[in-house]
Amino acid sequence: MRVAALYDIHGNLPALRAVLADVAREGVGMVVVGGDVAAGPLPAETVTQLMALGDGARFVSSNADREVVAAYDQGRRDLDAEQDPSMRAASYSAGQISEPQPRFLAGFAPDVVLDIDGLGTTLFCHGSPRSDAEMITTATPEPRLRDMLDGVSEPVVVCGHTHRQFDRRVNGWRVINAGSVGMPYEGTVGAYWALLGPTVELHRTEYDLDEGLKELRAGGLPDVDEMLRESLLEPMNADEVADLFEGQATGGN
Ligand SMILES: [Mn+2]
């Protein structure tokens, strides 16, 4: 079975649409959606699109989707009261979705395990195998990465959360970041995802960003340009982002 890994869509419906068209052309057996689907400009439309995948998709839970569900359950809708941009996105998204979407999000699994031809048993998680909020980047030192993988029996681990693709080997493990469909920190605009089996293919799908931005801005998220600036409007250097994340991960920033 070949598997498409779609991570960190973040309410970017135009990017998701473009990737799903590419995925359909590849003829995969399963789509794994790796979390952080709803927090962003078009949460309801994005979740609707994903629910339509039905039995053809498996879903992994994540930090940002947890925040959206928590905001929904607590009735947090006051955007002005939220200073933190990710909390604002969570509150905004909570105000856009309605049942059954929040229950659908709340039902995502902490991880998904699939046997992939040519690759082997593969663990899909959001951040690291032990936490959906832990960051693995291209710059994560091997000793720390080994700690995160301690006790993981699957030889292949697919993660996301840091929005940049990589394919790393550490000890006996192969650790792949599928990249981000909606908010990539790659230094180059596009929608990033991975095709797994029998080899690992890191894909970038191009889409019409000008048209996409019109649609995303029409969604109503107040600071949509701010949210997308470093990924899509003025893409930051990918190594600088990785260093920034490593600084946060080790408490140095
Ligand atoms: Mn995340």
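Which members of the range 136-177 meet the condition of being within 13 Å of the ligand (Cβ to nearest atom) and over 12 Å from the mean Cα position of the chain (by Cα)? Steps first, please.
So in the range 136-177, the residues within 13 Å of the ligand (Cβ to nearest atom) come out as 136-137, 159-164, 177.
Ile136, Thr137 - these are the residues of the range 136-177 that are within 13 Å of the ligand (Cβ to nearest atom) and over 12 Å from the mean Cα position of the chain (by Cα).
Tell me which residues, restricted to the range 80-103, are touching a residue at least 40 places away in the same chain (Cβ under 8 Å) and within 14 Å of the ligand (Cβ to nearest atom).
Across the range 80-103, the qualifying residues are Pro85, Ser86, Ala89, Ala90, Ser93.
Among the residues of the range 114-135, what is the count of those that are among the hydrophobic types (A, V, I, L, M, F, W, C) and more than 16 Å from the ligand (Cβ to nearest atom)?
Residues flagged as among the hydrophobic types (A, V, I, L, M, F, W, C) and more than 16 Å from the ligand (Cβ to nearest atom) within the range 114-135 amount to 4.
Could you run through the range 51-79 and say how many residues are out of contact with any Cys (no Cβ under 8 Å at 6 or more places or on another chain) and within 16 Å of the ligand (Cβ to nearest atom)?
Taking the range 51-79 as the starting set, the residues that turn out to be out of contact with any Cys (no Cβ under 8 Å at 6 or more places or on another chain) are 51-59, 61-79.
Checking which are within 16 Å of the ligand (Cβ to nearest atom) leaves us with 59, 61-71.
Total meeting the criteria: 12.
Give the range 221-249 a look and list any residue that's touching a residue at least 24 places away in the same chain (Cβ under 8 Å) and outside any helix (DSSP H, G or I), or say none.
Taking the range 221-249 as the starting set, the residues that turn out to be touching a residue at least 24 places away in the same chain (Cβ under 8 Å) are 221-224, 226-228, 230-232, 235-239, 241-243, 245-246, 248-249.
Leu221, Pro222, Asp223, Pro235, Met236, Asn237 - these are the residues of the range 221-249 that are touching a residue at least 24 places away in the same chain (Cβ under 8 Å) and outside any helix (DSSP H, G or I).
What residue, among those in the range 204-252 that are β-branched (Val, Ile, Thr) and under 19 Å from the mean Cα position of the chain (by Cα), is surrounded by the fewest Cβ atoms within 10 Å (Cβ to Cβ)? I'd like the intermediate steps shown before the answer.
Taking the range 204-252 and keeping what is β-branched (Val, Ile, Thr), we get 205, 224, 241, 250.
Then drop every residue that is not under 19 Å from the mean Cα position of the chain (by Cα), which leaves 205, 224, 241.
Working: Thr205: 18, Val224: 21, Val241: 23.
Among them, the one singled out is Thr205.
Of all residues in the range 1-32 being free of Cβ contacts under 8 Å to residues at least 60 places away in the same chain and not in a helix (DSSP H, G or I), which is surrounded by the most Cβ atoms within 10 Å (Cβ to Cβ)?
Per the criteria, the residue is Val31.
Starting from the range 53-72, keep only residues that are among the charged types (D, E, K, R), then list their pairs with residues that are away from the ligand (no atom under 14 Å from the Cβ) and not in a helix (DSSP H, G or I) whose Cβ atoms are within a distance under 6 Å, requiring at least 6 positions of separation or different chains.
Matching pairs, first to second residue: Arg58/Val32; Arg58/Val112.
Computed from the coordinates by the stated procedures, all read-outs in this text should not be read as laboratory data. As the structure is a computational prediction, the values presented were derived from the model and not from experiment. Don't worry about glycine lacking a Cβ; one is built from the backbone with ideal geometry, like all the others, and counts go over all protein chains shown.
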